[in-house]
Each structure stands twice: as structure tokens, then as C-alpha cells.
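Notes for the one structure printed next.
The values are calculated or read from the model by the stated rules, or taken from the named source; none is laboratory data. Keep in mind it's a predicted model, so treat the numbers as computed, not measured. Counting neighbours? That spans all protein chains shown, and the Cβs are built from the backbone with ideal geometry, glycine included. Keep in mind that these areas ignore ligands, DNA and RNA; they rest on the heavy atoms of the full protein, side chains included. Shrake-Rupley method; radii C 1.70, N 1.55, O 1.52, S 1.80 Å.
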Amino acid sequence: MLLVGPPGTGKTLIAKAVAGESKVPFFSISGSEFVEMFVGMGAARVRDLFKQAQEKAPCIVFIDEIDTIGKSRNSGGGGMGSNDEREQTLNQLLTEMDGFAADKGVVILAATNRPETLDKALLRPGRFDRRVPVELPDLRGREAILRVHSKNVKMGDDIDFNAIARATPGASGADLANIINEAALRAVREGRKVVLQSDLEESVEVVIAGYQRKNAVLSMKDKLTVSYHEIGHALVAAKQSHSAPVHKITIIPRTSGALGYTMQIEEGEQVLMSKEQGIDKIAVFMGGRAAEEIIFGSITSGASNDIEQATKLARAMVTRYGMSEEFDMMGLETVNNPYLGGDTSLTVSAVTAAKIDEVVLGIIKSTHKRALEILEENKAKLHELAKFLLEKETITGEEFMSILEKPLDTPVDEA
Ligand code: ZN
């Protein structure tokens, strides 16, 4: 049985749990053990493992990171030392798997996050012909996982796991375990006996953006620029109908290099993204730079990450989601390894590739223009909110919305 899914989703844990539940011996090896072995050693290690398994049957054999051994034989180097060595190990594995009678009671589990690279021979009937997808948890799953990991941690009365689960789309089980752990450490550092919601929220931010750089010194000019930049993002989000609500805005620098950020949280679990939501998202990315342009008449390098993310999304909308008129529902790109960052390759002619660039640029330009228009229309609020953020350094979504919805020309409530 082949367990397939992204890193951190608990494939190894599932294998161990299966062994535990069935009360049989558990033998495991990891593909990474085979890296840089001498010729013949890999094959010998596989032979040993299966010999032990035969003797202790019924039992479970678990091969973690099987892609390291089982990479397609015509896929060239990488992974294990030499090609010869890799082939020998793989052949040994195939031989051992075929050598079992079905009634031997040896169950072989393997895990990989790169199923597309596996040698076809491994996936033939009688070998790993059963695939179990182990995917990233959904909203309910994340909430349940947070509960499991907090079982042995003293949690305060104000804990809202659902809110944390909503703030962490795309997080794996391992990430969530880490969030609880970080929160516990923070509580201890601050001399408290229980973990509070604020601890959990801070650790979500640590996972997203790194630790706070408390001693980072920013010039007043830079702080002002970052304030307008972040309010630019938040205002564009708030003034569009398909954007997720603003949860928090901060200009406290983080170790990831971010000088500030605007956190948006969807109301519920977002599985499908509509074209309108995609366009609105890109416009929000444009909002930071747009604010700098309007207020300072000059631009900074602060938008580099926004640019990267906006371009990635615009490209995917054109090449993979069929969301452009020009290319209709033509597939233009394939995802190479969906579980590992999902880098892509174009499957089109050079002429089409150039045309794609044009369409993507068109999306970027029109959303940039829209962001500029929104901010131009709300310039007074842009000033008011940026001033407030500069003073407070971190503001909540509620504070943001209450200032935004307040009629103009009244003094700012400092409460
Ligand atoms: Zn930005």
C-alpha cells in the first residue's frame, strides 16, 4: 500500500498506528538511508530487511521516502549515489516484493510525496497497486488536530480553535503541532501557567512570517512607507466584494524579512476560487505599491513579495484554471510535483508562451489600475488609517473597519 501526500501530513504516523492497532512487529527503513551508500549496500540492506520480515511474519514493513529508491529508472541522477546503485536497490526491492506469497502475512507500506517520479514497475498490480492519499487537513481536520496536540498543554478559557484553524489554510498536521508548541513556549517565556488565544495567534504569525524582530530599527520614513503600503492592501481588500475580511495589520518587522503584513482570514473553508475572487486577490497584492505611488509619488522594493505572488496567481488563472478569454479552457501548463511546492512547466509553443505573458501582464495592469482607483477614491481614509497604524504598530480588523466606516472629518478615537 502506497501512502501518498504532502510532507507533514502524518504518513509515517499512520503506518505506525496501523502496526500498533494490528499488534504486529513493525520494520521500517527510510529511502534517505540509502543516499550515498556504496554499490551493493542498498540491495543488501533491502535483502536483510525482508529476511527479518519473513522470520517475524505476520508483520508490517514500512519504507519511508520510497521515491529515493524507487525513482523511475530513466529519470537520470539525483537522490541516491550512482545510477547503478539505485537500479540494484530497486531491482532487489521488486524481487523481494514478488517473492512473497499473498498469505505470508507481510504487509508492505510505503510513503512518498513524489508519486509521479516512481518507477512504473513499482506500481504494477501485485506491488504497490493500492494508493492511499494522505492530504492536507481541511478546516474541520485542522481544528481536530489542534485539539489533539493541545491535550497535554494547559489551555486558557479564551481558546477558540476554530479561529486558529481558519487562519491556517494549507497547514499540515506537523505545522499545527508546531503552532501549539510555539504557543506553549511563549506562555512559559511570559511566566504564565496557561496558553492563551493571543499565544496561539502569535505562533500562527511566527509560522507565516517568522519571529518579531523587536530590536530592528526602521527609519521614520520607512515606517511611514510601510504603514501606507499595508493600509493600501487592507483598503483594497475591504472595498472589494470578493476579498476575505481583514483580520490584522502590523508594521512590526519579522525575521522572514517582512517589514509588515496584512492578514486576511476567510469566513469558512475555501476550496474553490472563483475568477472574481482571483482578480480581487491580485488587486489586493497591488494595493501596497499603489498606496506608495499615490502618497509618495515614488516606489520602493517593498512590493517584491506581492509582485511574486500576484504574478504566480495570474499565471495559474490563465494557464491552469481556464480563466482568460484568450485561451478559454485550453490547458497550457502541467504541475510537476503537486505535493512539493508544485512547480510547473508550460506545454505550449514559444509563440503561445509569449502570448500567455501578454495576457498575464494584462491582468496585472488592469488590477493595478483598479487598486490605484480604489485608493484614490478613499485617499482621506488611507491617510487616517495609515496614521493610526503608524501610532499603534498593530491594529485588529475591527479597529480597521470601525475607522473605515466612521464618517470623515471626525477626530480619531484613540481608545
Ligand atoms: Zn505588500
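In µm²/s, what is D for the stretch 77-203 at 25 °C and 0.890 mPa s, where D = kT/(6 pi eta Rh) by Stokes-Einstein and Rh is the Kirkwood radius from Cα pairs?
D, rounded to a whole number, is 134 µm²/s.
In debye, nearest 20: dipole of the chain around its Cα centre with unit charges on the Cβ of K, R (+) and D, E (-)?
Using only the charged Cβ atoms, the result is roughly 1020 debye.
State the extension gain, in nm to one decimal, for the chain segment bounded by Leu361 and Lys151, taking 0.36 nm per residue of separation less the distance between their alpha-carbons.
70.7 nm
Mind listing the Cα extents of the chain along all three principal axes, in Å, largest one first?
Projected onto its principal axes, the Cα set of the chain covers 83, 63, 35 Å.
Kindly sort Glu399, Glu230 by accessible area of their heavy atoms, largest first, with the probe set to 1.4 Å.
Glu399, Glu230
If R0 is 45 Å, what FRET efficiency do you get for Ser402 and Asp48 from their C-beta distance, rounded to 0.05?
After rounding, the FRET efficiency stands at 0.10.
Quick one: angle between helix 41-56 and the longest Cα principal axis of the chain, in degrees between 0 and 90, rounded to 10, please.
Approximately 70 degrees, to the nearest ten.
Once the whole set of protein chains is in place, how much accessible area is left on Glu33, using a 1.4 Å probe, in Å² to the nearest 10?
Result for Glu33: roughly 80 Å² accessible.
Tell me, how many Å apart are the Cα centres for the stretch 177-234 and for the stretch 99-138?
41
For Met1 and Ser22 in the same chain, what is the full-extension length gain: residue separation times 0.36 nm, less their Cα-Cα distance, in nm?
6.0 nm
Find the percent of Cα-Cα distances in the stretch 207-357 that exceed 21 Å, and round it to a whole number.
Of the Cα pairs, 53 percent sit more than 21 Å apart.
What distance in nm separates the two pseudo spin-label positions at Gln270 and Arg131, each 7 Å out from Cα along the beta-carbon direction?
With each label placed 7 Å out from Cα toward Cβ, I get 2.8 nm.
If I fit a long axis through the Cα atoms of helix 11-22 and take the longest principal axis of the Cα atoms of the chain, what angle between them do I get, 0 to 90°, rounded to 10?
50
So for Thr117, Thr347, what's the accessible-area order with a 1.4 Å probe, most first?
Putting Thr117, Thr347 in descending order of accessible area: Thr347, Thr117.
Can you give the convex hull volume per residue for the Cα atoms of the stretch 2-133, as a whole number of Å³?
Cα-based convex hull of the stretch 2-133, divided per residue, equals 96 Å³.
Give me Rg/Rg_expected for the stretch 271-366, where Rg uses Cα atoms only and Rg_expected = 2.2 N^0.38 Å with N residues.
Cα-based Rg divided by the globular estimate yields 1.17.
At 7 Å along Cα-to-Cβ for each site, give me the label-to-label distance between Thr394 and Met220 in nm.
About 2.5 nm separates the two model spin labels.
Quote the convex hull volume per residue of the stretch 1-70, based on C-alpha atoms, as a whole number of Å³.
Expressed per residue, the convex hull around the Cα atoms of the stretch 1-70 is 85 Å³.
With the Cα gyration tensor of the stretch 228-283 in hand, give its eigenvalues times 5 under a square root as the equivalent ellipsoid semi-axes, listed largest first in whole angstrom.
Largest first, the stretch 228-283 gives 22, 13, 10 Å.
Computing the accessible area with a 1.4 Å probe over protein heavy atoms, can you report the carbon and sulfur percentage for the chain?
53
Taking the 0 to 90 degree range and rounding to the nearest ten, how far is the long axis of helix 304-319 tilted relative to the main principal axis of the chain, both from C-alpha atoms?
Rounded to the nearest ten degrees, it is 60.
Hey, what's the chain come to in accessible area per residue, 1.4 Å probe, Å²?
Ligands and nucleic acids excluded, the result is 52 Å² per residue.
Return the percentage of antiparallel bridges among DSSP beta bridges fully within the chain, rounded to the nearest 5 %.
If we restrict to bridges inside the chain, about 45 percent are antiparallel.
Test of understanding: what is the full-extension gain from Glu373 to Ser345, defined as 0.36 nm times their sequence separation minus their Cα-Cα distance?
Extra length available between Glu373 and Ser345 comes to 6.6 nm.
Please compute the volume of the convex hull spanned by the alpha-carbon atoms of the stretch 139-209 and report it per residue in Å³.
Enclosed volume per residue, from the Cα hull, is 74 Å³.
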